[in-house]
Structure formats: C-alpha cells, structure tokens
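The values are calculated or read from the model by the stated rules, or taken from the named source; none is laboratory data. Since the model is a prediction, treat every value here as computed from it, not as a measurement. FYI the Cβ positions are ideal-geometry reconstructions off the backbone, even for glycines, and counts take in every protein chain you see. For accessibility, only protein heavy atoms count, side chains too; no ligands or nucleic acids. Shrake-Rupley method; radii C 1.70, N 1.55, O 1.52, S 1.80 Å.
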Amino acid sequence: MRVDGELLGRAYSLRDVAEFLRRAGIEDIDETYVAESGLIEWSGGGPGDWVH
C-alpha cells in the first residue's frame, strides 16, 4: 500500500488499509470509509476483493 507515493506495506484486509491510513495521519477512519471512499485508488480489484 502506498500513501502519496510512499510505500507503507502490504494490506491483507480493509482493516489493514484503515490502519495504514491512521498511521499516515488520517484520523476517524474505519473499514466502511475505506470501502466507500472515492479517494482510494484500487489496483487489481476493489475493496471486496481479497486473496487469502
């Protein structure tokens, strides 16, 4: 996962994405926000596509 071009790590769930964004300084974020936000660019799928 990248925020403003900076590689933060690999996300395995919406929860991971939300946590990376919190660490990047975006407060009051949760999995619902992550899934519905138009500000997130998904590559190779979308918020409902996760490979385990």
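General remarks:
- Within region 1-16, considering residues that are assigned to a loop (DSSP other than H, G, I, E, B) and among the charged types (D, E, K, R), the one surrounded by the most Cβ atoms within 10 Å (Cβ to Cβ): 10
- Residues being within 10 Å of the chain's Cα centre (by Cα) and touching a residue at least 12 places away in the same chain (Cβ under 8 Å) - total across region 11-42: 15
- Search result, residues across region 17-52 that are open to solvent by 50 Å² or more (accessible area, probe 1.4 Å) and not in a loop (DSSP other than H, G, I, E, B): 19, 22, 23, 31, 32, 33, 36
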